[in-house]
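A.B. asks: Dropping the structure in here first, questions after.
The values are calculated or read from the model by the stated rules, or taken from the named source; none is laboratory data. Keep in mind that what you see is a predicted model, and the values were worked out from it rather than measured. In this analysis, Cβ positions are derived from the backbone assuming ideal geometry, glycine residues included, and neighbour counts consider all displayed protein chains. Note: areas computed on protein heavy atoms with side chains; ligands, DNA, RNA excluded. Shrake-Rupley method; radii C 1.70, N 1.55, O 1.52, S 1.80 Å.
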Amino acid sequence: MKEDPLPHYFLYGEASQEADPDFIHIEDLATRSRPSGWSIAPHKHLDLNHMILINEGGGVIQYESDFIEFIAPKLLIVPARAVHGFEWHAESAGLVLTLADIQLRQICSLHPEFETLFAESRCLDLDAEECTAIEHAMEIARRENSWIALGQSAAMNAALMLVMVYAARRAEHSKNGAAGTTRQAQLMARFRQLLEQRYRLREPVITYARELAVSETSLREACAAYGQSPTEMRDQRAILEAQRLLAFSNMSVGEIGEFIGLPDPAYFSRFFSRKCGLSPAQWRRDVQAKKQLEA
């Protein structure tokens, strides 16, 4: 299988490496954005998730191939493996909290109400009270992360939980969350993780169910609670990867189809057109035109 051609880092600008299971990092937005001229090129992290609080300024967020203009206060959610980039207004201010994927999964196993928060990239509106509360909690977590003292781990976890509670409540308020049961939310988190590893194999639903040690009916019902079928979720993940490669790589349409498990160029083109309403070539041209307008 070909290597992923998209740029990926540990923290932005740092060579890619595997994160420690308990990795957490908090820094000022300006730390990496000011030296780069308030521009962060599109990239992704293999096993790190971001919660980015913007309390002053604004800019344009690039999530995959979408561009969203915003002004503070906002909370940006960027899950692991999601392509993202930023063009900040000069001297924007905020905090960037980065959390290892393993640690996030451990948290969600104890608090499944957070499962859907990182299911996709988000730009969450905040009111002044929420912004202040999240900033205070992130600052506590940053302070506790910088020393070793009695109860340091407990204080860090408490602050992190408070950030996630505010984020999950705001996401629910924005009607971005899904409405499955706790057990279904846990199953969906495992299924999404499995798809990350195997969506290119184009396997049938029964194979996924066996890998997850559940019945096919249970898997279908869990997916239905979130508005899709298992095959739709598999295909959506394949389309997302195709869009990423069309937007950020020089791979040919045929190479992209092969990369996502559809080696027949004609079939891949029909598949993409059916899902996106445009051929892969036209979709790439439209994205390139959009980039030129944003520039």
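A.B. asks: DSSP loop trypsin sites (Lys or Arg not before Pro) in segment 146-175 with at most 16 other Cβ atoms within 10 Å of their Cβ, which ones?
C.D. replies: Passing both the DSSP loop test and the Cβ count: K175.
A.B. asks: 5 Å is the cut-off here: which amide hydrogens, built 1.01 Å from N in the peptide plane, fall below it relative to A82, excluding neighbours closer than 5 in sequence?
C.D. replies: Result for A82 returns H45.
A.B. asks: Now for a separate question. Hey, what do the phi angles of segment 155-161 turn into as Karplus ³J(HN,Hα) couplings, whole Hz, using 6.51/-1.76/1.60 and θ = phi - 60°, x for Gly and Pro?
C.D. replies: Calculated HN-Hα couplings, in order: 5, 4, 5, 4, 5, 5, 4 Hz.
A.B. asks: Compute the acute angle (0 to 90°) between the alpha-carbon long axis of helix 265-276 and the principal axis of greatest extent of the alpha-carbon atoms of the chain; round to the nearest 10°.
C.D. replies: Helix 265-276 and the main axis of the chain meet at about 50 degrees.
A.B. asks: Right, something else. Explain nothing, just the number: relative contact order of segment 74-174, from Cα pairs under 8 Å at least 6 residues apart, as a whole percent.
C.D. replies: 36 percent
A.B. asks: Quick one: among K275, K74, K44, which has the greatest mean-square fluctuation in a GNM of the chain with alpha-carbon springs under 10 angstrom?
C.D. replies: K275
A.B. asks: Moving on. What is the gain in length, in nm to one decimal, between E255 and A93 on full extension, counting 0.36 nm per residue of separation less the C-alpha to C-alpha distance? All intermediate terms of the calculation are to be shown ahead of the outcome.
C.D. replies: Numbers: separation 162, 0.36 × 162 = 58.32 nm, distance 4.08 nm.
Length gained between E255 and A93: 54.2 nm.
A.B. asks: Could you tell me, in Å, what Rg and Dmax come out for the Cα atoms of segment 230-272?
C.D. replies: 9.7, 30
A.B. asks: Using a Gaussian network for the chain with springs between C-alpha atoms less than 10 Å apart, which of these wobbles most: A100, A119, A225?
C.D. replies: Looking only at A100, A119, A225, the biggest GNM fluctuation is shown by A225.
A.B. asks: May I ask for the angle, rounded to the nearest 10°, between helix 280-294 and the longest principal axis of the chain, with both axes built from Cα atoms and the value confined to 0 to 90°?
C.D. replies: So the helix axis and the longest Cα principal axis differ by about 30 degrees.
A.B. asks: Sticking with this structure for a sec: For segment 98-187, which GluC sites (Glu not before Pro) are in a loop by DSSP, counting at most 16 other Cβ atoms within 10 Å? Mind showing how you got there, number by number?
C.D. replies: Details: sites: E113, E115, E120, E129, E130, E135, E139, E144, E172; in loops: E120.
Hits after loop and neighbour filter: E120.
A.B. asks: What does the charge dipole of segment 87-134 about its Cα centre add up to, to the nearest 20 debye, if the Cβ of each Lys and Arg holds +1 and the Cβ of each Asp and Glu holds -1?
C.D. replies: On the way: 2 positive and 10 negative charges, 58 e Å.
With Lys and Arg at +1 and Asp and Glu at -1, about 280 debye.
A.B. asks: Can you tell which of Q106, Q186, Q243 shows the greatest fluctuation in a Gaussian network model of the chain with Cα springs below 10 Å?
C.D. replies: Result for the chain, Cα springs under 10 Å: Q106 fluctuates most.
A.B. asks: For segment 115-139 and segment 244-275, what is the separation of their C-alpha centers, rounded to whole Å?
C.D. replies: When both Cα centres are located, 35 Å separates them.
A.B. asks: So what is the calculated 222 nm ellipticity per residue for the chain, using -39500 (n - 2.57) for each DSSP H run with n of 4 or more, over all residues, to the nearest 500 deg cm²/dmol?
C.D. replies: Values: 11 runs with 141 residues, N = 295.
Rounded to the nearest 500, it is -15000 deg cm²/dmol.
A.B. asks: Which of A281, A100, I77 sits farthest toward the positive end of the charge dipole of the chain, with +1 on the Cβ of Lys and Arg and -1 on the Cβ of Asp and Glu?
C.D. replies: Selected residue: A281.
A.B. asks: List the residues of segment 208-236 whose backbone N lies under 17 Å from a point placed 7 Å from the Cα of R183 along the Cα-to-Cβ direction.
C.D. replies: Answer for segment 208-236: 209-210, 212-226.
A.B. asks: Let me ask something else. Mark the label point 7 Å from the Cα of E216 along Cα→Cβ and return the residues of segment 224-268 whose backbone N is within less than 14 Å of it.
C.D. replies: Only 230-231 pass the distance filter.
A.B. asks: Relative to the present Cα-Cα distance, how much length would full extension add between D66 and E113 at 0.36 nm per residue of separation? Numbers along the way, then the final one.
C.D. replies: Values: separation 47, 0.36 × 47 = 16.92 nm, distance 2.71 nm.
Between D66 and E113, full extension yields an extra 14.2 nm.
A.B. asks: Could you work out how much longer the chain between E129 and T207 gets when fully extended? Use 0.36 nm per residue separation minus the Cα distance between them, nm to one decimal. Show your work: numbers first, answer last.
C.D. replies: Working: separation 78, 0.36 × 78 = 28.08 nm, distance 4.70 nm.
Result for the pair: 23.4 nm of gain on full extension.
A.B. asks: Next question. If R0 is 45 Å, what FRET efficiency do you get for W147 and S279 from their C-beta distance, rounded to 0.05? Intermediate values should be presented prior to the final figure.
C.D. replies: Numbers: r = 56 Å, r/R0 = 1.24.
Efficiency, from the Cβ-Cβ distance: 0.20.
A.B. asks: Quick one: angle between helix 216-225 and the longest Cα principal axis of the chain, in degrees between 0 and 90, rounded to 10, please.
C.D. replies: The angle comes out at about 60 degrees.
A.B. asks: Related question: Loop only per DSSP, at most 11 neighbouring Cβ atoms within 10 Å: give me the chymotrypsin sites (Phe, Trp or Tyr not before Pro) in segment 73-154, ordered by residue number. It would help to have the intermediate numbers written out before the result.
C.D. replies: Details: sites: F86, W88, F114, F118, W147; in loops: W147.
When the chymotrypsin sites (Phe, Trp or Tyr not before Pro) of segment 73-154 are filtered for loop state and at most 11 Cβ neighbours within 10 Å, W147 remain.
A.B. asks: Using unit Cβ charges (K, R positive; D, E negative) and no other charged atoms, how large, in debye to the nearest 20, is the dipole of segment 208-267 about its Cα centre?
C.D. replies: Roughly 160 debye, rounded to the nearest 20.
A.B. asks: Hey, another quick one. Among F118, H89, N145, whose Cα sits farthest toward the positive end of the charge dipole of segment 87-151 (+1 at Cβ of Lys/Arg, -1 at Cβ of Asp/Glu, about the Cα centre)?
C.D. replies: Selected residue: N145.
A.B. asks: Let me ask another. What's the magnitude of the charge dipole for the chain around its Cα centre, counting Lys and Arg as +1 and Asp and Glu as -1 at the beta-carbon? Answer in Debye, nearest 20.
C.D. replies: Values: 31 positive and 40 negative charges, 192 e Å.
That gives the chain a dipole magnitude of about 920 debye.
A.B. asks: Continuing with the same structure: Ignoring any ligand, DNA or RNA, what whole percent of the accessible area of segment 116-225 comes from carbon and sulfur when the probe is 1.4 angstrom?
C.D. replies: Values: 2990 of 6000 Å².
Answer for segment 116-225 is 50 percent, counting heavy atoms of protein chains only.
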